[in-house]
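Following: one structure in structure tokens, then a few remarks.
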Amino acid sequence: MNTKNILVKALLLTVVFLPFLSAEAKMHTEAVEYMHGDVVLEGYCAYDDAVKGKQPGVLVIHEWTGINDYIKKRVEQLASLGYVAFAADIYGKGIRPKDRAQASRQAGMYRADRTLMRARAAAGLAELRKQKTVDAGRIAAIGYCFGGGTVLELARSGADIAGVVSFHGNLDTPHPEDAKQIKAKVLVLHGADDPNIPAEQISAFQDEMRNAGVNWQMVSYGNAVHSFTNPEAGDDPSKGAAYNKEADERSWKAMRTFFDEIFQ
């Protein structure tokens, strides 16, 4: 990628995220090392120092590319809204895929082992609960793409959290019977034209939720494909992944309304 393209992408990210950031916020950000067994993980935490008292916590699970500038921006957005936000590291410290092949390999390891996926997400949740400013009784989890599927697996594991939000995530699971363990409310924000999520997967997910009696909702955004919230996905929907500003803004508002409900 040449310097011009890097600058353009940086400017686009700034333009997209700037309206969400508060001029009054005294943002505290830090990389946080924590462990899962003998594996070192490195998450990213942000909260507004100006907010007094305990704040609701939001766990953020990254795309298949791992914790990067995009995920950090989302964490900071959430912090500017008055949440303690923590990006969990599913892959491990220093494991940050540099291309599609590496990302596919890393994501595939966890998609093939949902027990490990759930355990890594749970380790991130435990670390979020340790943050001194978090109200441990008011916690939600959100995820993007790979992370969207991961927060749904976290919910299926029976995690004691208020809600989960999947942004353009996969909906499939090898253990649909585990939906009966879901305690959280579920919000799925989906690109209606996402080629990665076939109609059969959507139908199976909806049946899974209904059969388990889960409190769930699913919103589909027209003209949106995979990765519709990420400016770095480009602007060509024919490739199957592309940014859609309208769907991005609508889905973020839907998440905020959902949080108002579960954190009231």
For the subset of the stretch 124-150 comprising residues that are of a type in the set (Val, Ile, Thr) and more than 19 Å from residue 92 (Cβ to Cβ), which member is surrounded by the fewest Cβ atoms within 10 Å (Cβ to Cβ)? 133
Give the residue, chosen from 105, 118, 74, 111, that is under 20 Å from residue 162 (Cα atoms) and out of contact with any strand residue (DSSP E or B) (no Cβ under 9 Å at 6 or more places or on another chain). 118
Just name the residue that is surrounded by the fewest Cβ atoms within 10 Å (Cβ to Cβ) out of those in the stretch 96-123 that are within 16 Å of residue 141 (Cβ to Cβ) and in contact (Cβ under 8 Å) with a residue 40 or more places away in the chain. 119
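Okay, residues lined up against (1) crowded, with 20+ Cβ neighbours inside 10 Å; (2) touching a helix residue (DSSP H, G or I) at 6+ places or on another chain (Cβ under 9 Å); (3) aliphatic (A, V, I, L, M):
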position	(1), (2), (3)
204	no, yes, yes
228	yes, yes, no
245	no, yes, no
251	yes, no, no
261	no, no, no
264	no, no, no
Subset of the stretch 55-65 [buried (at least 24 other Cβ atoms within 10 Å of the Cβ) and over 11 Å from the mean Cα position of the chain (by Cα)]: 57
When you scan the stretch 32-124 for strands (runs of 3 or more DSSP E) that lie fully inside it, which ones turn up with 3 or more residues that are among the hydrophobic types (A, V, I, L, M, F, W, C) and within 15 Å of residue 144 (Cβ to Cβ)? 55-61, 84-88
Counting only residues that are in contact with a strand residue (DSSP E or B) (Cβ under 9 Å, 6 or more places away or on another chain) and surrounded by fewer than 18 Cβ atoms within 10 Å (Cβ to Cβ), the stretch 84-95 contains a total of 3
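Within the stretch 237-247, which residues are more than 21 Å from residue 69 (Cα to Cα) and either assigned to a loop (DSSP other than H, G, I, E, B) or under 17 Å from the mean Cα position of the chain (by Cα) (or both)?
The answer is 240, and nothing else.
Read-outs: derived from the displayed coordinates by stated rules, not from any lab. On a predicted model such as this, the values are computed, not experimentally measured, just so you know. Quick reminder, even Gly has a Cβ in these numbers, built from the backbone with ideal geometry, and neighbours come from all protein chains shown.
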